[in-house]
1. Could you tell me whether the stretch 274-296 includes any residue that is part of a loop (DSSP other than H, G, I, E, B), surrounded by 15 or more Cβ atoms within 10 Å (Cβ to Cβ) and at positive phi?
2. Looking at the stretch 275-304, I want the residues that are in contact (Cβ under 8 Å) with a residue 60 or more places away in the chain and under 16 Å from W160 (Cα atoms) and have a partner that is part of a loop (DSSP other than H, G, I, E, B) and open to solvent by 60 Å² or more (accessible area, probe 1.4 Å) with Cβ atoms under 6 Å, at least 6 apart or on another chain. Which pairs are those?
3. Only residues that are open to solvent by 10 Å² or more (accessible area, probe 1.4 Å) and not in a helix (DSSP H, G or I): list them for the stretch 133-150, please.
4. Being part of a loop (DSSP other than H, G, I, E, B), touching a Ser or Thr at 6+ places or on another chain (Cβ under 7 Å), at pLDDT 85 or above and among the small types (G, A, S): is that true of A118 here?
5. Determine, yes or no, whether R71 is surrounded by fewer than 20 Cβ atoms within 10 Å (Cβ to Cβ), modelled with pLDDT of 85 or more and of a type in the set (K, R).
6. Among the residues of the stretch 40-64, which ones are open to solvent by 70 Å² or more (accessible area, probe 1.4 Å), over 48 Å from the mean Cα position of the chain (by Cα) and of a type outside the set (S, T, Y)?
Amino acid sequence: MLSQDELALLDAIRTTGSLSRAAAALGKAPSTISHSARQLETRYDALLFDRRRYRLQLTPAGVLLAEEAQRLMADMTRLNTRVKQVASGWEDRLTIVTDELLELASFFPLIADFDKLASGVGLRFTHEVLGGTWEALREGRADLVIGATNEPPAIPGLRWFELGRLDWVFAISPRHPLARAEEPLSRDLLRAHRAVVVADTSRGASARSYGVQGGQAQLAVPGMAEKVRAQVEGLGVGWLPRHRVSGLIERGELVEKRTADPREPNTLYVAWRGDHAGRALTWWTERLQQPRLAKRLVDGVPIA
């Protein structure tokens, strides 16, 4: 490793192209700069400075030394910062997995508030669906899960609380054959038409779907936004988050239909492993328990 003074010397020579100007820039005598330059060459047993030309320049070996040493110093600075960060109780990184039901844009104001702490903690957000959300926590791919559905499973050290309840509406395109069917829509009638579902991302468990009749054809899509769009286009039927599609229903792009088997609201959970709690995780879990924030996350933003 090079010292800060040696790095400054290499940079000054590369920038000024002269020992005298480098000395002036560093506030040192030219003889001191010349001596330091020769010491560097002796240490590495390599020609680092090209003295044959009018301008003093770094040789290719000198350029390599300067660039790599600068990179290593930056890495060491970052490492020192991270060590102090972790030693003071902050995590190096916090991985947050949200159920696909929640929109990432809803978290942006919360991320901005977290940034004001200047903690140095890196945030990583990913989406999972249904069983994949709990699975990410169980397998250590998530430090915190937000919006998980179904009852919390048996996970060692699991801690959780309810984020809120998500209301659903059975809504279809006005061009779909069921739009003209008498209500309430029976199971047999629904079974005859394809359902649009968001594919379960669970890797180990059998894939699951909500609101689908046995034997009903399915169109699996990667996310709720695609599911809404597919149903607006009349490609299938299914349940949608009521608040998010309220505008589409008001404008007639979707039609609400009553069914013989109404879908109960889903309880969404926030969960984490209690044995892994640092200051960042604690901050997030405390903020997520604020009722107004929780409601905003659960409801989402109505689709324009």
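The values are calculated or read from the model by the stated rules, or taken from the named source; none is laboratory data. Keep in mind it's a predicted model, so treat the numbers as computed, not measured. Cβ atoms come from the backbone with ideal geometry, glycine included; neighbour counts cover every protein chain shown. Protein only, heavy atoms only, side chains kept; ligands, DNA and RNA dropped before computing areas. Shrake-Rupley method; radii C 1.70, N 1.55, O 1.52, S 1.80 Å.
1. So far as the stretch 274-296 goes, no, none of its residues is part of a loop (DSSP other than H, G, I, E, B), surrounded by 15 or more Cβ atoms within 10 Å (Cβ to Cβ) and at positive phi.
2. Matching pairs, first to second residue: none at all.
3. Once the filter is applied, which keeps residues that are open to solvent by 10 Å² or more (accessible area, probe 1.4 Å) and not in a helix (DSSP H, G or I), the stretch 133-150 yields E139, G140, R141, D143, N150.
4. Details: part of a loop (DSSP other than H, G, I, E, B): yes; touching a Ser or Thr at 6+ places or on another chain (Cβ under 7 Å): no; at pLDDT 85 or above: yes; among the small types (G, A, S): yes.
No, not satisfied.
5. Considered against the rule, which asks whether it is surrounded by fewer than 20 Cβ atoms within 10 Å (Cβ to Cβ), modelled with pLDDT of 85 or more and of a type in the set (K, R), R71 comes out as no.
6. We begin by selecting, within the stretch 40-64, every residue open to solvent by 70 Å² or more (accessible area, probe 1.4 Å); these are 42-45, 47, 51-55, 60, 64.
This time we only want the ones that are over 48 Å from the mean Cα position of the chain (by Cα), so: 42, 51-55.
Once the filter is applied, which keeps residues that are open to solvent by 70 Å² or more (accessible area, probe 1.4 Å), over 48 Å from the mean Cα position of the chain (by Cα) and of a type outside the set (S, T, Y), the stretch 40-64 yields R51, R52, R53, R55.
Residue by residue, here is whether (1) more than 34 Å from the chain's Cα centre (by Cα); (2) polar (S, T, N, Q); (3) at pLDDT 85 or above holds:
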| residue | (1), (2), (3) |
| --- | --- |
| H176 | yes, no, yes |
| L190 | yes, no, yes |
| D200 | no, no, no |
| G204 | no, no, no |
| R208 | no, no, no |
| G215 | yes, no, no |
